[in-house]
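**Student:** Just dropping this structure here.
The values are calculated or read from the model by the stated rules, or taken from the named source; none is laboratory data. Predicted, not measured: the structure shown is a model, and the values here were computed from it. Counting neighbours? That spans all protein chains shown, and the Cβs are built from the backbone with ideal geometry, glycine included. The area values use the complete protein model at the heavy-atom level, side chains included, leaving out ligands, DNA and RNA. Shrake-Rupley method; radii C 1.70, N 1.55, O 1.52, S 1.80 Å.
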Amino acid sequence: MSTFEEVFERIKLATNTRTQVELAEVLDIRQSSISDAKRRNSVPSDWYMKLFEKFGLNPDWLKKASGPMYLRTEQGYQPLDAPAAGMVLEDPARYGDPDAKSSVVTVHSMHCEVTEQGGSPLKAIGKLSVPQSYSGPSVQVVRMDASSMEPLVRKGAYVGIDTAQKNVVSGELYGVYVPYEGVSLKRIFLDAEKARFVLRSENPAHPEQYLPVNKHAERIVGRVAWVLQRF
């Protein structure tokens, strides 16, 4: 049988969690419960059940690193060596794909103080489960609180902004620090003649705004990587 640390590392790998706090959120338990389990060097049996039901994770793989990481069929969960009669066992490999695994990310408000040097840190307002490939250390998730980009991006949508992509590609969507507004989504165009960027909204009721080229590094949060919304 593996040690607690070995099982713990496999659980973090499979759920894409890095800390006890993140794992506690995934398991819907208190962080102190993880500390207690670590002190006893024993993983509670209900953890395996929760991970099996929520992610289809194979308890044997978690305990001993034996067998496939995932167990799942088209009609529910079944032991890999004894599928129910007539059921077709799905290929468990697909559940290792980054788009088949979820990550819990922090959602931020778009409101913040904006100065000439940029904006203040955004306030966390909740959590969201997204495909693993949608998360990453450079992706900041915000909840759209305005109608400026409707109908393309609706009010209430979740938006992933890649803060590592600040170089402007004309016509693309970016998160921008706007005075008196906080973070706002804009489609950006270069006006080379006047050494400025034109910031446009999709909603025609919102006027164009302008950003001097020499200020873009401080004011551009990053390029919009994805949008999650209801229609």
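**Student:** Say we look at the stretch 209-231 and pick out the residues that are assigned to a strand (DSSP E or B) and of a type in the set (Phe, Trp, Tyr); which of these is surrounded by the fewest Cβ atoms within 10 Å (Cβ to Cβ)? It would help to see each step written out before you state the result.
**Tutor:** Keep residues of the stretch 209-231 that are assigned to a strand (DSSP E or B), which gives 209-212, 220-228.
From what's left, of a type in the set (Phe, Trp, Tyr): 210, 226.
On the way: Tyr210: 10, Trp226: 15.
Per the stated criteria, the residue is Tyr210.
**Student:** Sticking with this one: Which of the residues belonging to the stretch 1-37 are open to solvent by 50 Å² or more (accessible area, probe 1.4 Å), over 25 Å from Pro131 (Cβ atoms) and not in a helix (DSSP H, G or I)?
**Tutor:** Selection gives Met1, Thr3, Arg30.
**Student:** Okay, next question. Could you list all residues from the stretch 183-198 that are more than 15 Å from Lys215 (Cα to Cα) and of a type in the set (Gly, Ala, Ser)?
**Tutor:** Ser184
**Student:** A follow-up question, please. Scan the stretch 135-160 for residues that are out of contact with any Lys or Arg (no Cβ under 7 Å at 6 or more places or on another chain), more than 14 Å from Arg223 (Cβ to Cβ), of a type in the set (Ser, Thr, Tyr) and touching a residue at least 60 places away in the same chain (Cβ under 8 Å) and report the count.
**Tutor:** Adding up the residues that qualify gives 1.
**Student:** Tell me the residue from Leu122, Leu80 that is surrounded by 12 or more Cβ atoms within 10 Å (Cβ to Cβ), of a type in the set (A, V, I, L, M, F, W, C), more than 11 Å from the chain's Cα centre (by Cα) and modelled with pLDDT under 65, please. Spell out how you get there, then give the answer.
**Tutor:** Values: Leu122 fails: modelled with pLDDT under 65.
The match here is Leu80.
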